[in-house]
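Derivation of every value follows stated rules applied to the coordinates shown; laboratory data play no part. Since we're looking at a predicted model, the values are computed, not measured. A quick note on method: Cβ atoms are made from the backbone with ideal geometry, for glycine too, and the neighbour counts reach across all protein chains shown.
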Amino acid sequence: MPPFLKLAGKFADPVTSANFPHPVLRWRNPRWADAVGLGNLTDAAWLEHFARFTPLPGNLPQPLAMRYHGHQFGTYNPDLGDGRGFLFAQVRDPAGRLLDLGTKGSGQTPWSRGGDGRLTLKGGVREILAATYLEALGVNTSKAFSLVETGESLQRNDEPSPARGSVLVRLSHSHVRFGTFQRCAFLDDREAMAELVDYCIAGFHPGADDPDMARKACALLEQVALATGRMIGQWMAAGFVHGVMNTDNFNITGETFDFGPWRFLPRSDPNFTAAYFDQNGLYRFGRQPLQGGWALQQLASALVLLADAGDLARALAPYEAAYRDSFTGHTHALLGLAPTGDRAADTAFLQAFYGWMTDSGAGWAQTFFDWFAGAASAQRAAASPQAALYAHPAFEPVRAALMARAPVRAERLALPYFQRAAPVSLVIEEVESLWAPIAERDDWSAFTATTGHIDEARRALAL
């Protein structure tokens, strides 16, 4: 029996999928389909399960729309829940790890709040690009699993309408959200909170188990804090801007998910804001680590139902170190270099490197690409489109630090990704250029070429 069924009565509502008129399979993830035992499905069977949502054998008998609350741009909202998605199935990977197959755009639920419960095709394409690129960059993320065009026309205020409809399936380790705990606290339901803690520990953080519920809640919070800190450190090294860091968009396994108006930085800018509606820059790039800590504080406040506030506060303490270590380690990993192990020296390098990036206006992705493996890429960097920036005296301290660090598996430079003239970047102009031929003439060739380029990056970086 899928583990979440034990919680379904208190945390989710059974729902049915929309009946899509003309489903067309546009994309499937063969690598992850193989990993969870679904790689042998024919396209017809795939559509049966991931467009019509016929249950997988031995799995959930009916989709479940999850209930949760959350802070949205700092304001608490008790009227949330899966409004255009549901939990379709739970599967396991070869290591036995529990994974959720969840949807986006699968139709209305009790939590749709007047919305149509649909997803535009452009929104589905954007999620595939972001999720596959984040995975290639070694960022802990949900995986885009399937995209089906539904044959519906949708009306939207932020896209040219009518817009083509789609339904996306994503694969994630868990999509239990911070807001799921907040709902229990709001309802003052200690029993449900304890059941939720037990479920999360059994399925995702077994090291937090303890016979005492208060200690168990604190141990779970500490594991979530560590996972969240590592995730946001990875975001910052990858130049990723999530866009909507509401507490219902954080999950307990530290996976990137529910990113809507995401962006990758074209160049270093701490004030870069992804969402046009984030007019005060609450979720701007440079504020992401602080916002992650704030979201964890809201999770801790919910868990006061089970544990002492002081103990919960102490459980949050590892967040900052987890973030700092992740940011340092992931920056080095994306540069193909080994940290020195001297915290002060590595911190000084990061300050010099990112300071130069901000001051010079160098392209974010291009810089990491040009200097992968440090000294081993000196000739490649000299032939870069931004070689003039590297020849400027301001770059010399950064060059010296790059040269002083040992490369890690420099033989990766021989792989096809590093034979190209430019890296994947997925800045907004590139994303729009990939969407335009799909919108204008149903031409998916540029999209297919870019997903192939992203897969080359994944193989080359192998993080």
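For this structure, a couple of remarks:
- Theoretical FRET efficiency, 1/(1+(r/R0)^6), r = Cβ-Cβ of Trp444 and Arg31, R0 22 Å, to 0.05: 0.70
- Interatomic Cα distance distribution for the stretch 110-158, bins of 5 angstrom, percent: 4, 18, 22, 18, 19, 11, 7, 1
- When Rg and Dmax are taken over the Cα atoms of the stretch 358-450, they come to 16.2, 51 Å.
- When each of the peptides 37-45, 445-453 is scored by the mean number of other C-beta atoms lying within 10 Å of its residues, the order from highest to lowest reads 445-453, 37-45.
- Distance between the stretch 140-166 and the stretch 236-302 - C-alpha centres, whole angstrom: 22
- Inter-part distance, the stretch 388-463 to the stretch 40-116, computed on C-alpha centroids, equals 33 Å.
- Segment Asp212-Ala344, length gained on full extension (0.36 nm per residue, minus Cα span): 43.6 nm
- Helix-only [θ]222 nm of the chain, DSSP H runs n ≥ 4, -39500 (n - 2.57) each, per residue, nearest 500: -13000 deg cm²/dmol
- For the stretch 3-172, the dipole from Cβ point charges (+1 on Lys and Arg, -1 on Asp and Glu) about the Cα centre works out to 160 debye, to the nearest 20.
- Summarising the label geometry, the points placed 7 Å from Cα in the beta-carbon direction at Ala462 and Arg287 lie 4.1 nm from one another.
- Qualifying trypsin sites (Lys or Arg not before Pro) in the stretch 219-273, DSSP loop, other Cβ atoms within 10 Å at most 10: none
- Principal semi-axes of the equivalent ellipsoid, √(5λ) from the alpha carbon gyration tensor of the stretch 1-74, are 26, 17, 15 Å from largest down.
- Counting DSSP beta bridges with both ends in the chain, the antiparallel % (nearest 5): 95
- Estimated at 0.36 nm per residue, the fully extended path between His392 and Arg409 surpasses their Cα-Cα distance by 3.3 nm.
- Helices of the chain meeting both criteria, an alpha-carbon length of 30 angstrom or more along the long axis and an average Kyte-Doolittle score not below 1.0, with helices taken as full DSSP H segments, do not occur.
- Per residue convex hull volume, Cα atoms of the stretch 3-172, in Å³: 132
- Quarter the surface of the alpha carbon convex hull of the stretch 180-329 and you get the mean projected area, 8.9 square nanometres.
- Ellipsoid equivalent to the stretch 76-219 - semi-axes via the Cα gyration tensor, in Å: 32, 20, 12
- Peptides 113-122, 293-302, 51-60 ordered by average Cβ neighbours within 10 Å, highest first: 293-302, 113-122, 51-60
- Cβ-based exposure ranking for Leu7, Leu99, in which fewest neighbours within 10 Å come first: Leu7, Leu99
- Spin-label model, Tyr276 to Asp455: label points 7 Å out along the Cα-to-beta-carbon direction sit 3.4 nm apart.
- Values of log10 I(q)/I(0), in the order q = 0.18, 0.22 Å⁻¹, for the stretch 246-290 under a Debye, Cα-only, solvent-free model: -0.58, -0.85
- Net lengthening on full extension, Ser433/Gln155 (0.36 nm per residue, minus Cα-Cα): 97.9 nm
- For the stretch 284-334: rounded, prolate or oblate by the Cα gyration tensor [a/c cutoff 1.5]: prolate
- The ranking of Ser142, Ser425 by Cβ neighbour count inside 10 Å, starting from the fewest, reads Ser425, Ser142.
- Peptides 81-87, 404-410 ordered by average Cβ neighbours within 10 Å, highest first: 81-87, 404-410
- In the stretch 399-442 the Cα-Cα distances spread across 10 Å bins starting at 0 as 20, 26, 29, 16, 8, 0 percent of all pairs.
- Separation of the Leu187 and Ala376 label points, Cα + 7 Å toward Cβ, nm: 5.4
- Square roots of five times the Cα gyration tensor eigenvalues for the chain, Å: 36, 29, 20
- Modelled label reach - Ala309, point 7 Å along Cα→Cβ, the stretch 170-192 residues with backbone N closer than 12 Å: none
- The rule of thumb for compact globular proteins, 2.2 N^0.38 Å, goes into the C-alpha radius of gyration of the stretch 137-181 1.58 times.
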